[in-house]
Every structure is written in C-alpha cells, then in structure tokens.
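Each remark here refers to the structure printed beneath this line.
The values are calculated or read from the model by the stated rules, or taken from the named source; none is laboratory data. It should be emphasised that the depicted structure is a prediction, and the values quoted were computed from it without experimental measurement. FYI the Cβ positions are ideal-geometry reconstructions off the backbone, even for glycines, and counts take in every protein chain you see.
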Amino acid sequence: MQPERGADDAGALLRAQQDALAAYIRDPTHVAPPEGIEERRLQVYRDLFFNNIASMLAGNFPVLHRIFAGARWQALVRDFYRDHGSRTPLFTELAREFLRYLETRKVADDPPWLQELAHYEWVELALQISEATREDIAHEAGGGLIAGRPVVSPLAWPLAYAWPVHRIGPAFQPETPPDVATLLLLRRETDGKVSFHELSGLTFRLLQRLDAEPQYTGYEHLAALAAEAGATDIEAFIDDGAKMLLQLHREGTVLGTRID
C-alpha cells in the first residue's frame, strides 16, 4: 500500500523544518530562524547545543581553552560549530573532529603552534580510549632483548613536534620554534592513566625502528642505530643501547620479544 500524499507532504515539511532549525542553530547570525517558533524557544536551542559543544571541547582541550579565554574561545568554537562538516555523530569523536577542523583552518592571527598543541591534547584522549591491548602482539615478556626481536607496546606512542607543546600555556606562548624538535612518549599504564615522558633523539629513533622494522633483532637495530649516529665504538654503543632497551622494558614501553 502506498502512503497517502498527505503523509508524504507532512514528512517533507517536518524534514524541511528540522533542516531550517539546524541551519539556524549552527549560524544564527547569518541564517534566518525557522517560522513558527518563538524566540524564547529558539534561544533555548541555541544555548543548549552550543554550550554543550563548548563545554565538551574545553574538557578535551584544557590548555587551549585557558589560552583562548573568554570571547576568543567562544569565537573559535563558533567557527568550528558553524563551518566543520563532521564525519561522525559520536560524542567520543568530537575532539577528533575539532582537530580535523584545526588542521584545515586558515586564520591569520592564530598562533603558529595551534594545531600541534591541539594534537598533543587530543592524543591523550585517543590513547585513553584506544581499544588496543598489550596482548595484540604475541610476545614473550622475558625474552632476550638483544638476541630477540623487541616489541613496542601498542599503548606506547612516540611523538615528534616542532613546538614544545608540553610547555605551552597561558604564561608561555613562543613565537618561533626551537632548533630541536620536541620528542615525547605517551604511554597508557596498567591503571588506565596516560603518562608523558620526554625522549632523547636516540631513544625516539630506536622506538621508530622497532615499530617500522619488526623483523630485526635488538642487536641489529642497535648496530644500525650506531651507524646512523656515526659511533666510533660500535660495541660500546650497543652496550649502552642494551641498557636503554632494558629500561624501556622495565617501564612497559617495550613488552618483550616477538613470537612468530
């Protein structure tokens, strides 16, 4: 049985009203309000939707929220709210959608470290809610890290930034990046909390190699790293690297050795 024409018309009218209300709520400055809804009710909708988004983003990006205080924060959220077409309606993905927006945003007076700071704040949430587990990669916790093939935990993420994102805040907003990149490790501990650690260049490179080339043994990785670093005493370098691997294992960054 075909629906009556009146039902089709009513459905189309409802969708048109919903679309008009949504467009108005997203951009009340430039979009006319839908007909038939009193201003008091429209104000409730405007405030409810916008304040919920602003509050959630402030919780996800607390440092950015403190820097972009007051009207500047409201304007930033309003721009995102109005201009960004989200890929998902999930609230847990709101922070990722905001980051996607910032990655394409072109505003002259935005600080040059805005995107990196936002990524740094977002990645903590991303690691907290990651569904990865330490059991995702078959490994032997007590395996020899030099003769075996070391496994980096899927819950340990090495990150490189041009800006010192871990130091940026209301009292420190650099205008030029330092000469040396900021190398950090985020690791989700067994209690579910995320810890932050600064890395040396050699440790960062070792973790990169372990992840990108899992077929090599710890010795092979360290020998290659020694060559990259131009070390003159290869065996001494490898001895120091073995201590580094052991420390990474104690901390939980390296889980053990790979099992095929």
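Summary of values
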read-out	value
Close pairs (8 angstrom Cβ cut-off, 6 or more residues apart or separate chains): in contact (Cβ under 8 Å) with a residue 12 or more places away in the chain in the range 206-217, in a loop (DSSP other than H, G, I, E, B) and of a type in the set (S, T, N, Q) anywhere	Leu207/Thr253
Selected residue (criterion: farthest from Thr217 (Cα to Cα)) from residues of the range 142-164 that are of a type in the set (A, V, I, L, M) and in contact with a Lys or Arg (Cβ under 7 Å, 6 or more places away or on another chain)	Leu155
Subset of the range 134-143 [within 15 Å of Asp260 (Cα to Cα) and either touching a Pro at 6+ places or on another chain (Cβ under 8 Å) or in a loop (DSSP other than H, G, I, E, B) (or both)]	Asp136, Ile137, Ala138, Ala141, Gly143
Those residues of the range 44-103 which are under 22 Å from Gln128 (Cβ atoms), exposed (fewer than 14 other Cβ atoms within 10 Å of the Cβ) and in contact (Cβ under 8 Å) with a residue 40 or more places away in the chain, in sequence order	Pro62, Arg66
Pick from the range 222-260, criterion in a loop (DSSP other than H, G, I, E, B) and surrounded by 12 or more Cβ atoms within 10 Å (Cβ to Cβ), ranking: nearest to the chain's Cα centre (by Cα)	Thr253
Out of Leu210, Leu185, sole residue that is closer than 23 Å to Leu222 by Cβ, assigned to a helix (DSSP H, G or I), assigned by TED's automatic domain parsing to the domain that holds Leu222 and aliphatic (A, V, I, L, M)	Leu210
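Conditions tested, residue by residue: (1) in a helix (DSSP H, G or I); (2) closer than 20 Å to Ile168 by Cα.
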| position | (1), (2) |
| --- | --- |
| Trp73 | yes, yes |
| Leu76 | yes, yes |
| Ser86 | no, no |
| Leu94 | yes, no |
| Glu103 | yes, yes |
| Val107 | no, yes |
| Val123 | yes, yes |
| Gln128 | yes, no |
| Glu131 | no, no |
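Here's the yes/no breakdown for (1) closer than 23 Å to Lys243 by Cα; (2) modelled with pLDDT under 95; (3) buried (at least 18 other Cβ atoms within 10 Å of the Cβ); (4) not small (Gly, Ala, Ser):
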{"site": "Leu145", "(1), (2), (3), (4)": "yes, no, yes, yes"}
{"site": "Arg149", "(1), (2), (3), (4)": "yes, no, yes, yes"}
{"site": "Ala156", "(1), (2), (3), (4)": "yes, no, yes, no"}
{"site": "Gly169", "(1), (2), (3), (4)": "no, no, no, no"}
{"site": "Gln173", "(1), (2), (3), (4)": "no, no, no, yes"}
{"site": "Leu184", "(1), (2), (3), (4)": "yes, no, yes, yes"}
